[in-house]
Amino acid sequence: MLLIVIAIVIFGAVSSLVFSFVSRPATATMESRITDFRQRTAMEEREEIDLDVPFVERVLKPGIEGIAHAFSSVLPASVLGNIQKQLIMAGNPMTLNAFVTFWAICIGICMLFALVLFAALPASYLLQKMAFGMLLLIFAWMLPRTWLKGQVKARQKNVIRALPDAMDLVTTCVEAGLGLDAALARVAEKTEGPFAVELSRMLRDVAMGKLRRDAMTELDERIGVDELSTFITSVIQAEQLGVGIAQVLRVQSDQLRTKRRQRAERSAHEAPIKMLFPLVLFIFPAFLIVILGPAVIRIASNF
């Protein structure tokens, strides 16, 4: 009887052990299949989402951004800071990353053209190829910066042209009884152009709690015009010293009109000098052909 009980216990233990070994791989296999199915489904969904994105956004844009990031990491911090300042003075036509990307693309295109030129011309033109390649690199390096400086100068010229009339309107509004902020708001509302945009931004900064002198100083830094710097300095000093703001505005307005008249006179005096080169290059050769042409033809016919 005892042997039968021992045999039953041993049989049960062996059966349990065998069952555990047999059932465990099935459970593990099922769980692994479920995990693989979920991962495969997630990968398929990710591939479908990636394929829905355009090729430019999926491939070209990340590549160009990587090149721009590598190029910006090579540039000194002072150069990037100067570019950022010029972008602000130009009215932020693009972001700093976009400008660096444009810069890198220009250099890359010129380098590619230089490589094609090196491969196309024979080896005997080595000096010419090196000189032309250097000129291409200098052109690629200078082109974006030159364009940005042109944008800054055009914006500053627009501000200089609009500043005297705007200051006359501010002076009239203040003398009529409006406060300085209200007068500046009226000018920003009634005028157009970069100065009106920057003036509206300054007024928003003041409305958000920034001190007026700090907002006006930032306005001066964003535009970078000497006439505006003089006006802002005079207004800040008048507020600090307690001088009547209307009198200061009247004096500054008169000075701005005087400077505008002086610029017009200077441009009028420079006009003949600027016209000299077109006259020499285009008009004088035509006169010489008209005057000397018949004589040359007659002399040639005699010989």
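Residue count for the range 229-258, restricted to those that are out of contact with any helix residue (DSSP H, G or I) (no Cβ under 6 Å at 6 or more places or on another chain) and in a helix (DSSP H, G or I): 12.
Conditions tested, residue by residue: (1) hydrophobic (A, V, I, L, M, F, W, C); (2) within 20 Å of residue 91 (Cβ to Cβ); (3) not assigned by TED's automatic domain parsing to the domain that holds residue 92.
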site: 194; (1), (2), (3): no, yes, yes
site: 200; (1), (2), (3): no, yes, yes
site: 205; (1), (2), (3): no, yes, yes
site: 219; (1), (2), (3): yes, yes, yes
site: 236; (1), (2), (3): yes, no, yes
site: 249; (1), (2), (3): yes, no, yes
site: 253; (1), (2), (3): no, no, yes
site: 263; (1), (2), (3): no, no, yes
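From the list 261, 201, the lone residue that is without any contact (Cβ under 8 Å) to a residue 24 or more places away in the chain and either under 26 Å from residue 83 (Cβ atoms) or not in a helix (DSSP H, G or I) (or both) is 201. Restricting attention to the range 87-108, the residues being farther than 17 Å from residue 65 by Cβ and of a type in the set (A, V, I, L, M, F, W, C) number 4. Every test in (1) under 19 Å from residue 164 (Cα atoms); (2) of a type outside the set (Asp, Glu); (3) surrounded by fewer than 16 Cβ atoms within 10 Å (Cβ to Cβ) is passed by residue 253 save one, and that test is (3).
Here 92, 82 are screened, and the one residue that is at positive phi and free of Cβ contacts under 8 Å to residues at least 60 places away in the same chain is 92.
Considering every residue within the range 115-122, establish whether at least one is of a type outside the set (Gly, Ala, Ser), part of a helix (DSSP H, G or I) and in contact (Cβ under 8 Å) with a residue 12 or more places away in the chain. Yes: one or more hits.
For the range 262-280, the criterion of being crowded, with 16+ Cβ neighbours inside 10 Å and more than 35 Å from the chain's Cα centre (by Cα) is satisfied by no residue at all.
The values are calculated or read from the model by the stated rules, or taken from the named source; none is laboratory data. What you see is a predicted model; the values in this text were computed from it and never measured. For neighbour counting, all protein chains shown are included, and Cβ atoms are generated from backbone atoms with ideal geometry for every residue, glycine included.
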